[in-house]
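Engineer: I have a structure here, written as structure tokens, and I will follow up with some questions on it.
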């Protein structure tokens, strides 16, 4: 926007009533616009005399002034930043699910197992597939030990949880049924009932907890 130019007060005077004759007084006050033109000032001019109302006067050469205006920013109205503008705008939370018209890709949650979706990255759309390395859906350590049990990991004895939530450490057998993964005995060499097997598991058993194995 072209800012109005304030003339020096030395160039501004109040317009008098002229005695009500309506005739111009050659010795009377000078209008700001006339003073501006005499001084070579172009652009909008504001009469800035003290106690005078503001009077914005545009010069006759408005087209020339308009050519000097700076370029305006692009229109930021409703046609920018909406679903359907061919721009996948993540700032507006657009993605293949919320705006498939703009965002190319798979939409996890649309009940369609498409593209790069698998039960590993989108179990809600894709059925479980035993052997793919992901313990999902109806898979468990009994039905798919290779994805969910001790066979799926290589940390027997490290006290870490297997994918299904069962364990493959030497103490799980002493914590009751269902704690160890179903394949713990075959993969890790444990028995499902440690106390009483004639071997003292020093990690879990003591003479107080299992005197038969640890005298």
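The values are calculated or read from the model by the stated rules, or taken from the named source; none is laboratory data. Keep in mind the model is a prediction, meaning the values are calculated, not measured. Positions of Cβ are generated from backbone atoms using ideal geometry, with glycine treated the same way; all protein chains shown enter the neighbour counts.
Engineer: Tell me, which residue of segment 137-149 that is in a loop (DSSP other than H, G, I, E, B) and at pLDDT 95 or above is farthest from residue 118 (Cα to Cα)?
Structural biologist: So, considering only residues that are in a loop (DSSP other than H, G, I, E, B) and at pLDDT 95 or above, the one farthest from residue 118 (Cα to Cα) is 142.
Engineer: Then there's this: In segment 91-116, how many are surrounded by fewer than 12 Cβ atoms within 10 Å (Cβ to Cβ), free of Cβ contacts under 8 Å to residues at least 12 places away in the same chain and within 25 Å of residue 134 (Cβ to Cβ)?
Structural biologist: The total comes to 1.
Engineer: Determine whether residue 119 is within 22 Å of residue 148 (Cα to Cα) and surrounded by fewer than 13 Cβ atoms within 10 Å (Cβ to Cβ).
Structural biologist: No: the conditions fail for residue 119.
Engineer: Name the single residue, out of those in segment 139-170 being without any contact (Cβ under 8 Å) to a residue 12 or more places away in the chain and under 33 Å from the mean Cα position of the chain (by Cα), that is farthest from residue 206 (Cα to Cα).
Structural biologist: Among those that are without any contact (Cβ under 8 Å) to a residue 12 or more places away in the chain and under 33 Å from the mean Cα position of the chain (by Cα), it is 165.
Engineer: Being over 20 Å from residue 130 (Cβ atoms), outside any loop (DSSP other than H, G, I, E, B) and modelled with pLDDT under 95, is that true of even one residue in segment 182-201?
Structural biologist: yes
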